[in-house]
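Structure record follows, encoded as structure tokens.
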Amino acid sequence: EIRKFQVQREKFEMEFASCRFLFALSILMSRTHLFLFVFCLFVTVHAADDAFLVLRGTAEHSLTSLAEQDVADLISHVNGLPPMNLEANRKDFPQTDLFSTPAVNLLVAIESVTPELLNKANTKFLNIENEKTVEIAKAVYPEDSLATLTTIMTGVNHTIHGIVGHSWKASRDVGVDAYSPTGNCRSPKLADYVAAQSEGYAKVISVSGSKKIAAAMGVSDEIMQQHPDWNAQTLFFHRHRGLVNMYNDETVQNFKLIGANASKRAMTLKTLEGHILATELNAIAMIPHRLFHMERSNSEAAQVPDFVGIGIHSIKALSARYGVGSPQVLDALRLLDFELQDVSVRLGALYGDKVVTQIVGLESSTNEHTFYTQRKQQIRLVEEEPTSDPDATTYSQDEVTAFQTKFWVAIVLIIAFFLSTITLFKMDKLENSLIYRSTDAPRPIPDVS
């Protein structure tokens, strides 16, 4: 009887120790799976809200954040034009005077900058330290300045206007370039709207060191082919020819003239990025002159303000080569700031100070959506419309799949764990099994009566 009692006691102690171990293990596993569950449930990837807008020449406003699709309606609103989108909410837009509309709109869009970088460069026109900055809520996919600019100019997202990035995959092995015959914008842009509203009499000019950026800010090439007499010009940097007019393929300035003007600015042109910067500086400087020599009608269409779009691509090119915030980038910002300030003053003189200006920072990085980066962005980013609700959570298909996989694997493991635990509790401890042979605990002896 004493021997039986000892065996039962040893059996109880072993079961108690096993229970303690299994209980601790279950708590650990439960916490781990709970952490994984919470992580999978709430994790989401959002593009940084690094785009911004500054308004000048308008009344006071209460805007602090604006979806990228609403920027086009904001610009049309401050210029006294009907909304591009009939459902646009103009509640917080600046008040306008129907009897005093602007004569010209100046839109400056810059790639790869932040407000802090503009202020650090010791600029004047681009210094926004003491101005009200409106945050532009961008879509989380695609992460591309050209797609963002096109959304800003059209008032619709990339699923409608079709510009997914600088390039994208049409199929597994076929790539499409933005603003090419096979990859053009499918929606009317702000410049198209201004030109159509004025029946081609409003002066529309866009310049940039990137052909795609210039095309995004200017009148559509298809429209100009149908109306070659309309007052519109789009000038861009061509790496073999210099400054070129997109509509008639005319070389406006060759590299000899660009180099001569660069020397006057104490610039030494040795890199592609330097040539892009010099070309943009020349293009910006000639805007008032080219506007002045465009024809202008005295018809009712003259009530539509002129439109000037300046897309600065050189900062992105320099940032990619030398680094964001590098001395080369800061020097370039100062040169651009001088020309922009000069153009702003000259436009004020040309239009009687009836100028409305917007400065738009498209993004802080140099990332691009291309044929090669598309898959990576699709995995990392969410293809959803932007939202002004910071608590809103959206998920891509890949994220949903990953969550479901982790969730159900965790469920299966938990069930398997509890089944194993129950099996262990129901085992005959007196049986000479593999589990007891692998332990150092004293083995019970058979009950010999």
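The values are calculated or read from the model by the stated rules, or taken from the named source; none is laboratory data. In this text the structure is predicted, and so the values were computed from the model without any measurement. Every residue, glycine as well, gets a Cβ built from its backbone with ideal geometry; the counts of neighbours run over all protein chains shown. Just the protein is used for accessible areas: all its heavy atoms, side chains included, with ligands, DNA and RNA removed. Shrake-Rupley method; radii C 1.70, N 1.55, O 1.52, S 1.80 Å.
General remarks:
- Hits in segment 57-102 (condition: among the aliphatic types (A, V, I, L, M) and either within 27 Å of the chain's Cα centre (by Cα) or surrounded by 18 or more Cβ atoms within 10 Å (Cβ to Cβ) (or both)): Leu63, Leu66, Ala67, Val71, Ala72, Leu74, Ile75, Val78, Leu81, Met84, Leu86, Ala88
- Cβ pairs under 6 Å, 6+ apart, first in segment 311-332 and of a type in the set (Phe, Trp, Tyr), second surrounded by fewer than 24 Cβ atoms within 10 Å (Cβ to Cβ): Tyr322/Gln328
- Filter result for Ala216 (buried (at least 23 other Cβ atoms within 10 Å of the Cβ), under 27 Å from Ile284 (Cα atoms), in contact (Cβ under 8 Å) with a residue 60 or more places away in the chain and of a type outside the set (D, E, K, R)): yes
- When the helices (runs of 4 or more DSSP H) confined to segment 185-237 are screened for residues that are within 20 Å of Val78 (Cβ to Cβ) and in contact with a strand residue (DSSP E or B) (Cβ under 6 Å, 6 or more places away or on another chain), those reaching at least 3 such residues are found at 190-197.
- Residue within segment 344-360 that is out of contact with any strand residue (DSSP E or B) (no Cβ under 6 Å at 6 or more places or on another chain) and open to solvent by less than 20 Å² (accessible area, probe 1.4 Å) present: no
- Subset of segment 238-273 (residues that are in a helix (DSSP H, G or I) and touching a residue at least 12 places away in the same chain (Cβ under 8 Å)): Phe255, Leu257, Ile258, Gly259, Asn261, Ala262, Leu272, Glu273
- Taken over segment 333-369, the criterion of being part of a helix (DSSP H, G or I), closer than 21 Å to Leu74 by Cβ and more than 30 Å from the chain's Cα centre (by Cα) is satisfied by Leu347 alone.
- Test: residue in segment 105-113 that is outside any strand (DSSP E or B) and either aromatic (Phe, Trp, Tyr) or open to solvent by 10 Å² or more (accessible area, probe 1.4 Å) (or both): no
- The set of residues in segment 272-294 being hydrophobic (A, V, I, L, M, F, W, C), under 21 Å from Gly348 (Cβ atoms) and open to solvent by 30 Å² or more (accessible area, probe 1.4 Å) consists of Phe292 alone.
- Matching residues, segment 155-178, being hydrophobic (A, V, I, L, M, F, W, C), farther than 25 Å from Met84 by Cα and open to solvent by 20 Å² or more (accessible area, probe 1.4 Å): Trp168, Ala170, Val174
- Yes/no for Ser180 being small (Gly, Ala, Ser), at pLDDT 90 or above and either over 24 Å from Ser112 (Cβ atoms) or in a strand (DSSP E or B) (or both): no
- Test: residue in segment 181-200 that is crowded, with 21+ Cβ neighbours inside 10 Å, touching a Lys or Arg at 6+ places or on another chain (Cβ under 7 Å) and over 17 Å from Gln225 (Cα atoms): no
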